[in-house]
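To keep things clear, I will list the structure first and then write my remarks on it.
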Amino acid sequence: MALKPVPAADSDAGASPESLAALRRLEQELGRVVDEKSALIRVTLCALLSSGHVLLEDVPGVGKTTFIKALAKLLGLDMARIQFTSDLLPSDIVGVEVFDPEKRTFTFHKGPVFTQILLADELNRASPRTQSALLEAMGEGHVTVDRRSHELPRPFLVLASQNPNGSAGTYELPESQLDRFAARLRMGYPTERRELEILQTASRDPVLALPAGVLSHAALIDLQDAVERVHVAERVARYAKRLIDFSRNEGKFRVGVSTRGGVAWLRMARAHALIAGRNYVVPDDLRELALPCLGHRVTASAGALAEKALEELLARTPVD
């Protein structure tokens with residue numbers, strides 16, 4: 001199914017027409033990989049433009065890794081993949097200081113986290129100690145080893161997949177780890193048409209047929225910079241604050257939205273506005289992103305479902 005094209009940008013939207021045209025093509029190419037999942041693609045692009053990170057959660061075998069690999073190839077950026085397992089160590093991710101006996105000094109050997117696109121495959125199969133190795137990288141854009149800080153490249157995007165909690169051999173991601181993700185998304189099963197295509201061409205990797213570097217590094221940086229210039233009016237910010245406050249005081253939530261979560265939500269809304277061709281955020285930007293941006297940041301009280309309670313909260317939170 002063809003995705004709706006990105007509308008023409010306002011004259012002062014901030015990004016160049018060439019960058020926006022490349023973004024449109026990126027969106028269309030991703031639509032060839034995951035048929036009829038425009039919401040998944042749009043939210044992922046919002047995270048990319050707002051320098052956020054994405055957690056894809058679903059049962060194994062529905063295309064999470066293929067989607068991530070397709071995005072990395074279309075962006076044409078350096079990519080590293082880490083297959084998270086129970087015996088993985090933090091040093092396997094960030095790197096380690098190795099002693100050189102000839103020079104009698106320690107040399108830092110960078111781990112796979114020093115890349116632009118990091119595919120963290122089955123993140124919740126590693127122990128909490130290993131998962132925590134990504135906290136500083138995702139939150140600060142650098143890692144610290146033996147009291148020395150090492151900067152990560154820009155852009156730096158973590159695209160992680162996880163199996164549903166309760167699956168064999170998985171550890172539940174702690175709240176501090178979940179809070180580092182701008183959005184949590186679910187793939188769902190392919191459409192009937194797409195699954196028939198996959199079954200007929202099972203021996204072919206769909207990523208191989210995709211063009212590389214559809215959105216250049218320069219265009220991506222241009223778009224990320226333009227997101228920072230998208231305006232958030234006080235009325236819109238107050239709407240977001242009202243919903244955040246309600247989540248903290250609502251009886252159905254044990255833990256409400258954090259300040260970090262609110263900031264990430266507004267940044268995602270700025271990107272959503274830019275993709276729509278606007279240089280200002282409207283309440284609908286926030287509403288469309290509320291579930292993927294906030295659903296994993298709230299903890300429901302006993303007997304309540306977080307996303308259901310969040311939907312009810314959205315329905316009765318006034319804009320003015």
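Overview of results
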item	result
Given (1) at pLDDT below 95; (2) touching a Pro at 6+ places or on another chain (Cβ under 7 Å), index of the condition V43 fails	(1)
Residue that is nearest to the chain's Cα centre (by Cα) [pool: residues in region 146-189 that are in contact (Cβ under 8 Å) with a residue 40 or more places away in the chain, surrounded by fewer than 18 Cβ atoms within 10 Å (Cβ to Cβ) and outside any loop (DSSP other than H, G, I, E, B)]	L178
Test result for R297, more than 21 Å from the chain's Cα centre (by Cα), assigned to a loop (DSSP other than H, G, I, E, B), closer than 20 Å to A39 by Cα and not aliphatic (A, V, I, L, M)	no
Enumeration of residues in region 125-137 that are of a type outside the set (S, T, Y) and out of contact with any Gly (no Cβ under 9 Å at 6 or more places or on another chain)	A126, P128, R129, Q131, L134, L135, E136, A137
Search result, residues across region 60-75 that are open to solvent by less than 50 Å² (accessible area, probe 1.4 Å) and part of a loop (DSSP other than H, G, I, E, B)	V62, G63
Tally, over region 113-145, of residues that are part of a helix (DSSP H, G or I) and of a type in the set (D, E)	2
Subset of region 128-145 that is of a type outside the set (A, V, I, L, M) and more than 13 Å from F84 (Cα to Cα) - its residue that is least open to solvent (accessible area, probe 1.4 Å)	G141
Within region 234-282, tally of residues that are over 16 Å from E175 (Cα atoms), open to solvent by 50 Å² or more (accessible area, probe 1.4 Å) and among the polar types (S, T, N, Q)	1
Qualifying residue in region 56-67 (condition: over 15 Å from L210 (Cβ atoms), under 10 Å from the mean Cα position of the chain (by Cα) and not polar (S, T, N, Q))	yes
Total residues in region 245-264, condition in a loop (DSSP other than H, G, I, E, B) and closer than 15 Å to G139 by Cα	1
Members of region 201-231 that are within 15 Å of R270 (Cα to Cα), assigned to a loop (DSSP other than H, G, I, E, B) and open to solvent by less than 70 Å² (accessible area, probe 1.4 Å)	V230
Which numbered condition A306 misses (of (1) farther than 16 Å from G251 by Cα; (2) open to solvent by less than 30 Å² (accessible area, probe 1.4 Å))	(1)
Selected residue (only one of R238, R267, R287 is touching a Ser or Thr at 6+ places or on another chain (Cβ under 6 Å), part of a helix (DSSP H, G or I) and charged (D, E, K, R))	R267
K73 vs. criteria over 18 Å from A182 (Cα atoms) and at pLDDT 90 or above	yes
Output for region 115-127, where each listed residue is touching a Leu at 6+ places or on another chain (Cβ under 9 Å) and buried (at least 20 other Cβ atoms within 10 Å of the Cβ)	T115, I117, L118, L119, A120, L123, N124, R125, A126
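The values are calculated or read from the model by the stated rules, or taken from the named source; none is laboratory data. Predicted model, so just to flag it, every value in this text is computed and none were measured. In this analysis, Cβ positions are derived from the backbone assuming ideal geometry, glycine residues included, and neighbour counts consider all displayed protein chains. Accessible surface is based on the protein model in full, side chains and every heavy atom, while ligands, DNA and RNA are left aside. Shrake-Rupley method; radii C 1.70, N 1.55, O 1.52, S 1.80 Å.
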